[in-house]
Structure formats: C-alpha cells, structure tokens
Amino acid sequence: MFDSLEWATHGVKRGWLELDSRPVVLLSVILGALTLVAALYLGLVSRTAAQGRRIEQLQTEIFALQRANEQLAVDIAEVSAISQLTERARALGFVPAEQVEFMVVSD
C-alpha cells in the first residue's frame, strides 16, 4: 500500500506545497476566536436594538395613557362642577330642602 502512495508522489517536488502545521493551527484559532467575538457582538447589538424598540413602544404607551388620564381628569372636573351636580339632582327629582332639622346625639 505504501508503495503505491510512494509511486504516486515520486515525481512531485517537495517544499513549496508543504505547510507547517503551527501557523495553520494558530490561524485557525485566531479565525475561530474572531468568529466567536463577531457572533457575540452581533447578538449583543441585536438584543440592544430589540430593547430599544421595546422601550420606544413603552414610551408611546405611557404617552397615550397620560393623555387618557388627562382627558379623564377633564371629564371628572366637568361632571363634578356644582352647576352640573345641581342640574343632575333636579333631573333626578331632588329639590332643595325647605326645613332642616338637626338632631343632637349625646355621647
């Protein structure tokens, strides 16, 4: 078996095609480390972008809720105005008291 391999490589010049294994291993380790760093960086950037979008959505939601709260405060102020309360009381059939009697409760 070795004879056939020796016969096939008999006329091939050695030296210019041979590679030292140490630089190849070193280059492979460096490329692997760079690939790992690039993957980690892309993951971090992706996660940061997703968090940025989520924060923007939450800020939009906060703004909408603040507007709704302000509108509710305006509605409450309108409904609780004395003129509105008096008008609603009349519409419900209430009338102003003509004679008020107070009862004293002793301790």
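The values are calculated or read from the model by the stated rules, or taken from the named source; none is laboratory data. None of these values were measured; they are calculated from a predicted model. We place every Cβ from the backbone using ideal geometry, glycine too, and count neighbours over all the protein chains shown.
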> Among the numbered criteria (1) among the charged types (D, E, K, R); (2) at pLDDT 95 or above; (3) exposed (fewer than 10 other Cβ atoms within 10 Å of the Cβ), which single criterion is violated by residue 61?
Replying inline: (3)
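Check 93, 32 and return the single one that is among the small types (Gly, Ala, Ser) and outside any helix (DSSP H, G or I).
Exactly one residue qualifies, and that residue is 93.
For the subset of the stretch 79-98 comprising residues that are among the charged types (D, E, K, R) and surrounded by 10 or more Cβ atoms within 10 Å (Cβ to Cβ), which member is nearest to the chain's Cα centre (by Cα)?
Within the stretch 79-98, the first condition is being among the charged types (D, E, K, R), and the residues that meet it are 87-88, 90, 98.
Still in the list and also surrounded by 10 or more Cβ atoms within 10 Å (Cβ to Cβ): 87-88, 90.
On the way: 87: 49, 88: 47, 90: 52 Å.
Ranking the candidates gives 88 first.
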